[in-house]
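Only one structure is covered here, and it is reproduced in the block below.
The values are calculated or read from the model by the stated rules, or taken from the named source; none is laboratory data. Quick caveat, the model's predicted, so the values are computed rather than measured. Cβ placement follows ideal geometry from the backbone for every residue including glycine, while neighbour counts extend to all protein chains displayed. Note: accessible area is taken over every heavy atom of the protein model, side chains too, but ligands, DNA and RNA are not part of it. Shrake-Rupley method; radii C 1.70, N 1.55, O 1.52, S 1.80 Å.
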Amino acid sequence: MFHDRSRYQSSRGYQLAPFRFSPLDGSRYIATNDVGEYVVLPREELVEFISHALPPDREAYKSLKSRHFMFDEYSRVALELLALKYRTRAEQLASFTGLHIFVVTLRCDHSCPYCQVSRQAEGRLDFDMSQEHADQALNFMFRSPSPALKIEFQGGEPLLHFERIRYIVERAKALNQVHGRDLQFVIASNLSRLTDEVLAFCREHGVLLSTSLDGPEALHNAQRPVRGGDSHQRTIDAIRRARQTLGPDAVSALMTTTQASLERVEDIIDEYVRQGFHGIFLRNVSPYGFAVRQRASRQYGVEAWVEFYKRGLAHILRINEQGYPLQEEFTAILLQKLFSPRGSTYVDLQSPSGIGIGALVYNYDGAVYASDEGRMLAEMGDFSFRLGHLSRDSYESIMTSETLLTHLSDTMPEGAPMCGDCAFLPYCGADPVFHQATLGDAVGHKAFSAFCKKQMGVLRHLIGLLEDDSRARDILLGWR
Amino acid sequence: MTTKEPEAPPPFIFRDGAIQTVLDLRVYRLTAIQKSAYRFAERCTAVLGSPEADRLPVRFVFGPTIIEQDALETARLFFQELLDQELREQVGDETRALRALIIAQAFSRTDLIRQD
C-alpha cells in the first residue's frame, strides 16, 4: 500500500531522500544514493544534513539537492528523476547473459604456479570439448535475450584445440543469420600457438585476442614457465604479428600480481608502455586452482595488493601527464560505475551478482557453470556454481534452477549485512564464488572479506583522488 | 539547591583480554549496537548481555595476541561506529517508505509488479 506523495513532504525545511554514508578518510564522509550519485562532506555537515539543520545557502546543500539526496519545496521532479535513473541502471538486467565462455580445452603448454583453472598436460585429449557439446552450447547461447553476445574462448590454452574454435565461430555466424545478434569473438590465449593460419582466421572473422603479460622478461618468464623458458619472447612476438595482421587494437593483455610482482609495479607498467599497450588491468591473484595448492594466493594480503594498486595508479597518472595515454582498466570500470547513468556491465561488480545472468560458462565436459571462477572452484571439488549439463538440462531448467536463483537472491548486496549500509554499494558487487572459496559461503561475513577490503581500499583512494587532485581528476575522467 | 552532575561513563579497562562496558539504550538503539558489533567482528567479539531497564552490558573480547593499547583504541572506534549507526537508523526511519515508493515508481510500467 502506497501513500499520496504529500505524505512524504517534510515540515522541517527539506525531506531526506534515501542514501547511505561511510567514512572516506579521517575527516570526511562519502554519501551515495541508489542511483550512484555521490557527495563528499565533513562529518559535521553530514550530521547537520541528517538533522535537517543544513542552511540552504551552504554549498553542500546545493550539491545534496542537485544530486537528489533531499527534496525541498522547490524540488518538483526529483522523485520522478530518481525513479527514472534507478530504472536506467537496472535496465540491463532485462537483456541478460551477454558473455558466453567456451572452455574448448583444459590442456595447456604453460605450467604457471598461479594457474587458477587447474590446467591439464598437453597430451590429455579427453579434456577437449566435443563437437556435440559445442553445438548444444551454441543453441543454449542463442536462447539468451541479450542483443549483444560475446563468445570468449578459454582454456587451458584454447589454441591447442583450434579446430573447435574454428567450428564454433563458423557455426555461430551461420546460426546468427537467423538470430541477428551483435556477435563478438575473443580468444584468451598465451599466444604461443598463434600460427599464420590462426591469424588469417581471426582476420576473416573479426576475432580479437586477449593475452597474459606479467611484466618484464625475467618476471614474466619466472611466473609463466614453458618448455624453452621463453614465454615472454613468444608472447611479444605474437603480439607484434597479431597487430600487423589484425590491427593495433586487436590484442589486449592482462597481468596477474604475485609476491614477486609486488615491488615491481612500475617495471610492469613500463613494460606495457614499451610494448605499445594503452591499457593495463592490475589484477590480484584469485584463490582457485593451483594458486591455492601452491599457495600463490596466500603469499600476500589484500592490504599489500591495495598498496601495489595505489603505486601503480600513481605511475600510470605520471605516464599520462608525460603525454602517453594509458588507462588502468579496473579503475576505468569503477569510473563507469561512478559516472555513467547505466553503470557498468562488468560481471564481478553487479547487483545481483553477474553469475549466470552476466556470463555463462560451457565447460570442456559439457557442464554449465554460472561463472568462470565457478568452474575453477569445481576443479577443486566444490560444485556450488555448477548449474547443470548441456546434454541433460534445458535452458529453462538451468536459468530457473534453484542453484542459480538462490545465488542471485543471496547476492544482492542491498540486503546483505554491512553492504546494505555501505556508501560504496552502488559501485560494488558481491562475488559469491570468491566468498564461497575464502569464507565458505556465497554471501560471506564482510568484516572478514578480502573482496570488501579491496573494494573499499580502491574506491576510497580513487574518490580521494577525484576530490583532491585536479590533475588526476582530469586524466581519470577521460577514462570513462 | 545543588544540581547533580551527569554521570560520566567509566573509562575503558582492559582486563583478562577483554573490555567491559555498559551502553545506554536511550542513546543507542539495539539495532545500531548489533550492526556495530557485526562490523567490528574481525577486531573483537562484542558479547551483548541481557538488557536491564535501559542498560545493556557489552563485553569486547579480543584475540590472544592483542595488546592493551590496541584494545582500548578498538573500543574507542566502536563508539564512533555506534554514532554512525545511530545516524543510519535515523536516515532509515525517515527514508524507508520513500525508497519503496521510488522503486515502485521505477518499475511501475514493467511486468515486475503484479497488476491484480
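Select from segment A:439-479 the residues that are of a type in the set (Lys, Arg), within 14 Å of another protein chain (Cβ to nearest Cβ) and either within 30 Å of A:Glu321 (Cβ to Cβ) or in a loop (DSSP other than H, G, I, E, B) (or both) and list them in ascending order.
Quick first cut of segment A:439-479, residues of a type in the set (Lys, Arg) only: A:446, A:453-454, A:460, A:471, A:473.
The next check asks that each one be within 14 Å of another protein chain (Cβ to nearest Cβ); those that pass are A:446, A:453.
Listed by number, the list holds a single entry, A:Lys453.
It is to be established whether one or more residues within segment A:254-268 are under 22 Å from A:Leu159 (Cβ atoms) and surrounded by fewer than 22 Cβ atoms within 10 Å (Cβ to Cβ).
yes
Yes or no: segment A:382-397 includes at least one residue that is touching a residue at least 40 places away in the same chain (Cβ under 8 Å), within 14 Å of chain B (Cβ to nearest Cβ) and surrounded by 19 or more Cβ atoms within 10 Å (Cβ to Cβ).
Let us first name the residues in segment A:382-397 that are touching a residue at least 40 places away in the same chain (Cβ under 8 Å), namely A:382, A:384-385, A:390-391, A:395.
Pick out the ones that are also within 14 Å of chain B (Cβ to nearest Cβ) and you get none.
No: zero hits.
Filter the helices (runs of 4 or more DSSP H) completely within segment A:343-435 down to those with at least 1 residues that are of a type outside the set (Phe, Trp, Tyr) and under 15 Å from the mean Cα position of the chain (by Cα).
On the way: elements: A:372-378, A:395-399, A:402-410.
It comes to A:372-378.
Of all residues in segment A:269-294, how many are part of a helix (DSSP H, G or I) and either at pLDDT below 95 or under 30 Å from A:Gln436 (Cβ atoms) (or both)? Reasoning before the result, please.
Going residue by residue through segment A:269-294, those that are part of a helix (DSSP H, G or I) are A:269-274, A:290-293.
Within this subset, residues satisfying the condition of being either at pLDDT below 95 or under 30 Å from A:Gln436 (Cβ atoms) (or both) are A:290-293.
The qualifying residues number 4.
Using the structure shown, decide if A:Ser401 is without any contact (Cβ under 8 Å) to a residue 24 or more places away in the chain and open to solvent by less than 50 Å² (accessible area, probe 1.4 Å).
Working: without any contact (Cβ under 8 Å) to a residue 24 or more places away in the chain: yes; open to solvent by less than 50 Å² (accessible area, probe 1.4 Å): yes.
Considered against the rule, which asks whether it is without any contact (Cβ under 8 Å) to a residue 24 or more places away in the chain and open to solvent by less than 50 Å² (accessible area, probe 1.4 Å), A:Ser401 comes out as yes.
For segment A:332-380, what are the residues that are open to solvent by 30 Å² or more (accessible area, probe 1.4 Å) and either without any contact (Cβ under 8 Å) to a residue 12 or more places away in the chain or hydrophobic (A, V, I, L, M, F, W, C) (or both)?
Of the residues in segment A:332-380, the ones open to solvent by 30 Å² or more (accessible area, probe 1.4 Å) are A:336, A:339-342, A:345-348, A:351, A:357, A:365, A:373, A:379-380.
A:Phe339, A:Val347, A:Ile357, A:Met380, listed by residue number.
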